[in-house]
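The values are calculated or read from the model by the stated rules, or taken from the named source; none is laboratory data. Here the structure is a predicted model, which is why all the values come from computation and not from measurement. When we count neighbours, we look across all protein chains shown, and the Cβ atoms used for this are built from the backbone with ideal geometry, even at glycine.
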């Protein structure tokens, strides 16, 4: 941080828009988090000297990219460094959802466990099951490597095939039809918002499992909750939600949901690496070079 003169917000939580505008006075760049909603209105109010927005995240849907581009403001992110941590959480969700971990833990914490029985909380084994990965980027491939070690058969849909030993599906619809477990790793775009809706779920095998470590709005909450209630889907493991931290209350009432509070990148090592990556983007930019992770 000695490289920069900083106007530092030391609170644990993100500033609101007005405070962010105040903090941006007299500075040349902004280092933000996904909690900072930097929309077109806010960007229009930023001082003329702001030249770069470096976000402490891979996702950048909280920044209005078109508005930044219109003002010639460079936007950077932190890809790559959180791949393994997020893939680990995805695998944890797959295991937790299929093996009914939440139900088992609750049984013990509520002191309702009466002892082992032959049919107690029987879940779904992973060996030989088809894992469908929607979005075969860095994280999707890292999840695929982990799932292979559990004996899963890997299927995926991506904008284009990748060099990976797995079955490629040209359409998301085809992938859904061949996914005993569906793991979402696509970016949030106008095209992917609400992608997993009632029609999509109906294409999946009976009793399939859904895991989401991408972005909450990729899932239609009402559709997923209805499918979990009816038994159309066996379970869901979710680390991201629409409107975080105020997730749909329906998820909390379901025993077949394994829920985490956006822990995907939540390791000391990963958060440190993300911070250094975000700072390197700023440092490189102010040295007159192209930052390593430019979004626009």
Check your understanding: Out of curiosity, is residue 64 in contact with a strand residue (DSSP E or B) (Cβ under 8 Å, 6 or more places away or on another chain) and without any contact (Cβ under 8 Å) to a residue 60 or more places away in the chain?
Key -> yes
Practice item. Output yes when any residue across the range 100-107 is touching a residue at least 12 places away in the same chain (Cβ under 8 Å), outside any helix (DSSP H, G or I), in contact with a strand residue (DSSP E or B) (Cβ under 8 Å, 6 or more places away or on another chain) and farther than 20 Å from residue 239 by Cβ, and no when none is. Key: no
Review point. For the range 22-39, which residues satisfy the criterion of being touching a helix residue (DSSP H, G or I) at 6+ places or on another chain (Cβ under 8 Å) and either surrounded by 15 or more Cβ atoms within 10 Å (Cβ to Cβ) or at pLDDT below 90 (or both)?
Key: 28, 29, 30, 31, 32, 36, 37, 38
Practice item. Take residue 278 and decide whether it is in a helix (DSSP H, G or I) and in contact (Cβ under 8 Å) with a residue 60 or more places away in the chain. Key: yes
Revision key, fill the gap. Among the residues of the range 47-72, the number that are in a loop (DSSP other than H, G, I, E, B), in contact with a helix residue (DSSP H, G or I) (Cβ under 7 Å, 6 or more places away or on another chain) and over 28 Å from residue 263 (Cα atoms) is 1
Point to revise | Top-ranked residue in the range 205-221 [being more than 10 Å from the chain's Cα centre (by Cα) and within 16 Å of residue 173 (Cβ to Cβ); ranked as surrounded by the most Cβ atoms within 10 Å (Cβ to Cβ)] | key: 210
Review point. Before we move on, is residue 149 surrounded by 14 or more Cβ atoms within 10 Å (Cβ to Cβ) and at pLDDT 95 or above?
Key: no
Check your understanding: Of all residues in the range 223-237, which are part of a helix (DSSP H, G or I) and in contact (Cβ under 8 Å) with a residue 12 or more places away in the chain?
Key -> 223, 224, 225, 226, 227, 228, 229
Point to revise | Sole residue being crowded, with 21+ Cβ neighbours inside 10 Å, modelled with pLDDT of 95 or more and over 21 Å from residue 186 (Cβ atoms), chosen from 55, 114, 86, 98 | key: 98
Exercise for review: Could you list, in sequence order, all residues of the range 4-21 that are at pLDDT 80 or above and more than 19 Å from residue 278 (Cα to Cα)?
Suggested key: 17, 18, 19, 21
